[in-house]
Amino acid sequence: QVQLVESGGGLVQPGGSLRLSCAASGSIFNINAMGWYRQPPGRQREWLATITSGSSTNYEDSVKGRFTISRDNAKNTVYLQMNSLKPEDTAIYYCQMIIQTTQQPVTFRYWGQGTQVTVSS
């Protein structure tokens, strides 16, 4: 069993910064890609950023240059540094990991529980 636990959300003023963390625990053999998504109020979940096992990154255009995704493989953790936050960044933020749980070349997609980020003055 694998569990992803997120932390770091909260209330921040426009222009402020937050750092989200997502740590995986349980039966983990290898973690491939890690990513962050968000779901704004009344809207569908949307992709924000991905980091591969080789630490290559990719970002959705609206967060490029403001958000930075990173990973610590020793801690099975992915981070999202969010700077220059805007009210439209208000959403529930979710982490996702593609995890190989045994030596067999089979992977599964896991999600965190979500953490609320509210950008407001």
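The values are calculated or read from the model by the stated rules, or taken from the named source; none is laboratory data. Fair warning: this is a prediction, and the values are worked out from it, not measured in the lab. Neighbour counts run over all protein chains shown; Cβ positions are idealised from the backbone, glycine included. These accessible areas exclude ligands, DNA and RNA; they are computed on the full protein's heavy atoms, side chains included. Shrake-Rupley method; radii C 1.70, N 1.55, O 1.52, S 1.80 Å.
Here are the numbers:
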read-out	value
Number of the condition not met by Gln1 [criteria: (1) open to solvent by 60 Å² or more (accessible area, probe 1.4 Å); (2) closer than 28 Å to Val106 by Cβ; (3) modelled with pLDDT of 95 or more]	(3)
Top-ranked residue in the range 93-112 [being at pLDDT 95 or above and of a type in the set (A, V, I, L, M, F, W, C); ranked as farthest from Lys75 (Cα to Cα)]	Phe108
Any hit, the range 32-41, residues being open to solvent by less than 60 Å² (accessible area, probe 1.4 Å), over 14 Å from Tyr93 (Cα atoms) and in contact (Cβ under 8 Å) with a residue 40 or more places away in the chain	yes
Exclusive hit being surrounded by fewer than 14 Cβ atoms within 10 Å (Cβ to Cβ) and among the β-branched types (Val, Ile, Thr), set Val106, Val63	Val106
Selected residue (criterion: farthest from Ala91 (Cα to Cα)) from residues of the range 42-51 that are open to solvent by 60 Å² or more (accessible area, probe 1.4 Å) and in contact with a strand residue (DSSP E or B) (Cβ under 6 Å, 6 or more places away or on another chain)	Trp47
Residue match in the range 11-23 (condition: part of a strand (DSSP E or B), farther than 24 Å from Val119 by Cα and modelled with pLDDT of 95 or more)	no
Residues of the range 79-117 classified as on the phi < 0 side of the Ramachandran plot, assigned to a loop (DSSP other than H, G, I, E, B) and more than 15 Å from the chain's Cα centre (by Cα), total	8
Failed item, numbered, when Glu88 is tested on (1) exposed (fewer than 11 other Cβ atoms within 10 Å of the Cβ); (2) closer than 20 Å to Glu6 by Cβ; (3) touching a residue at least 40 places away in the same chain (Cβ under 8 Å)	(2)
Extreme residue, nearest to Gln1 (Cα to Cα), among residues of the range 69-83 that are polar (S, T, N, Q) and open to solvent by less than 70 Å² (accessible area, probe 1.4 Å)	Asn76
